[in-house]
Amino acid sequence: MKVEKAAVRPFLIKVPEGTLMTDLKTFQQKALELGAAAAEIIQAKQITIDERVRLKCTVPRCLRAGETPNCPPYVPELDVVRKAFAKFSWGILLKTHLEPIEAYTPGSKQSKGEEQSLLFHQKSGAIVYEIERLAYKYGYHLAMGLGGGSCKDYLCRGLICQFLDSGRCRFPLRARPAMEAMGIDVVDLINKVGWKSYPLLGDLSQIPCAISVGLVLVY
């Protein structure tokens with residue numbers, strides 16, 4: 001099924017259940033058309049916000065911590081995130097596959113260097129952006145997309161964050177916090193939908209596939 005272009009709707013405050021489920025299936029199908037390896041309709045209550053996830057941004061310290069407004073310590077406090085997410089009921093969880101894994105691993109024989117590894121989350125981030133826009137067009141004015149990894153990597157290719165430097169983001173509509181930066185236990189969530197992820201360490205030939213995950217909260 002190919003998603004057809006739809007006219008812009010008025011913003012929706014109350015959505016009939018039948019309309020909502022039809023729209024969610026449309027967003028799911030669109031994610032697949034855009035290149036997602038899989039996409040699932042999830043209930044927002046499946047999302048776990050965990051302080052330990054946020055803490056992993058600094059223990060051990062992520063190279064991007066403090067380097068973008070979408071990374072700690074600039075992202076919202078987890079109590080604010082919990083309260084906001086509690087007001088959502090449904091979302092789209094999507095993943096992309098990174099193949100071959102070695103091409104995105106700095107220092108490997110197949111890697112093109114640091115620049116290629118910066119693009120690990122580029123495709124999933126682009127799909128999140130398009131699904132959020134589509135949901136907004138369908139009238140879901142509070143639809144919110146979250147990516148994987150740092151926007152500084154896949155959008156600015158590692159350049160100094162212009163927003164923190166001058167107050168003007170290079171990609172104000174595309175830059176997103178990573179799911180982990182918002183405290184989301186991504187491993188827990190993908191296991192709930194039956195996906196698997198692996199640590200990219202050691203003998204990469206033993207790993208079936210590397211994935212990048214994105215989320216769009218719809219309603």
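Before moving on, here are some points about what is shown:
- Within region 76-116, restricting attention to residues that are surrounded by 19 or more Cβ atoms within 10 Å (Cβ to Cβ) and at pLDDT below 85, the residue that is nearest to residue 205 (Cα to Cα) is 101.
- Residue in region 187-219 that is nearest to residue 147 (Cα to Cα), counting only those that are among the β-branched types (Val, Ile, Thr) and in contact (Cβ under 8 Å) with a residue 40 or more places away in the chain: 213
- Within region 172-192, if we keep just the residues that are surrounded by 15 or more Cβ atoms within 10 Å (Cβ to Cβ) and assigned to a loop (DSSP other than H, G, I, E, B), the residue that is nearest to the chain's Cα centre (by Cα) turns out to be 179.
- Test for residue 55: is it of a type outside the set (Phe, Trp, Tyr) and free of Cβ contacts under 8 Å to residues at least 40 places away in the same chain: yes
- A count restricted to region 132-162 and to residues that are among the aromatic types (Phe, Trp, Tyr) and either out of contact with any helix residue (DSSP H, G or I) (no Cβ under 8 Å at 6 or more places or on another chain) or on the phi > 0 side of the Ramachandran plot (or both) stands at 1.
- Selection of region 171-185 for residues being aliphatic (A, V, I, L, M) and touching a residue at least 60 places away in the same chain (Cβ under 8 Å) yields 175, 178, 181, 182, 184.
The values are calculated or read from the model by the stated rules, or taken from the named source; none is laboratory data. What you see is a predicted model, and the numbers here were worked out from it, not measured in a lab. Glycine gets a Cβ as well: all are built from the backbone with ideal geometry, and neighbour counts include every protein chain shown.
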